[in-house]
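The values are calculated or read from the model by the stated rules, or taken from the named source; none is laboratory data. Owing to the predicted nature of the structure, the values given are computational and were not obtained by experimental measurement. Cβ atoms come from the backbone with ideal geometry, glycine included; neighbour counts cover every protein chain shown. For accessibility, only protein heavy atoms count, side chains too; no ligands or nucleic acids. Shrake-Rupley method; radii C 1.70, N 1.55, O 1.52, S 1.80 Å.
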Amino acid sequence: MHIKKPWTMLLALLSYGASQAAYSAESDSWQFEVTPYLFAAGIDGTVGVRGVTSDIDASFSDIVDDLDLAFMGLITARKGPWTYGLETIYVKLSDKEAKSVTGPFGQVTVNGALDVTSEISITQGSVAYRVLDTSTALDMIWALRYTKLDTEANVAITTTPGIVFPGGSKSASGSDGWTDAVIGVRVLQPLNEQWSLLGYADVGGGGSNLTYQFMLGANWEFAKDFTAKVGYRQLYWDYEKDGTVWDMTMGGPYLGLGIKF
């Protein structure tokens, strides 16, 4: 039987220790990722301000026709088992084809006379902790979701009955914002060195009566530090306070590009 010389064994142990230290340093160093993305969402629900409410059912193609401005992005910072995230969504829409309006004076039939302009911004700060990191990764997530809504509704005299809005038209505008605390879970399932599957869900409330979100997607790391992300996402709010209503579902496919640095 051949026994290694002591200095050879010592060199091997030092080499192994150095490689483990390098791996530990890499896993404990900060890792950042910026992900601009497109959320091709449709919206369905009720929006209202100061007692004037409107039912909205718009596909993504409808939204593109009415879109004035949009911005969406996510930045994350990870160190060890902890991940910190900050996400922003901003959308400004002008909708002139709402199906019905209910005003503070009674029921109104619109006949294409309603003009609703809505600006919605969503900002979410999150903290995630990896509770499982084997072949499947599992993160518990705590987050604050701030939603701000600016709405302006104008109704012309073509409404029926015409006496509902004396003077020819009725306008209502307002701004409201609220914060919800949410708790969620995220699951990552690698398929190979490049592909992985994503599942995410959260639920909460506080400012609103109820809010939830879920995502199903796939990630493809097609080059070093670059990951394509695709899937389906849905957000829901049930908010009503002081005449402001945002009982809305926003859902559709998303496509993003993660850039690590």
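How high is the relative contact order of the stretch 200-261, given as a whole-number percent (alpha carbon pairs under 8 Å, six or more residues apart)?
RCO, the stretch 200-261: 30 percent.
Sorted by average packing, counted as other Cβ atoms within 10 angstrom per residue and highest first, what order do 137-147, 218-228 take?
Working: 137-147: 18.0, 218-228: 13.4.
Per-residue Cβ counts within 10 Å, averaged per peptide and sorted highest first, yield 137-147, 218-228.
Taking a probe of 1.4 angstrom, what is the accessible area of residue 129 in Å², to the nearest 10?
80 Å²
Less than 16 Å apart at the alpha-carbon level, and either on another chain or at least 8 residues along: which aspartates and glutamates does that give for residue 148?
Of all the aspartates and glutamates, those that pass the test against residue 148 - Cα under 16 Å, at least 8 places apart if same chain - are 87, 119, 176, 180, 238, 240, 242, 247.
With 30 Å as the limit, write out which pairs from 92/224; 79/241; 92/229 have Cα-Cα distances beyond it, or answer none.
Correct reply: 92/224; 79/241.
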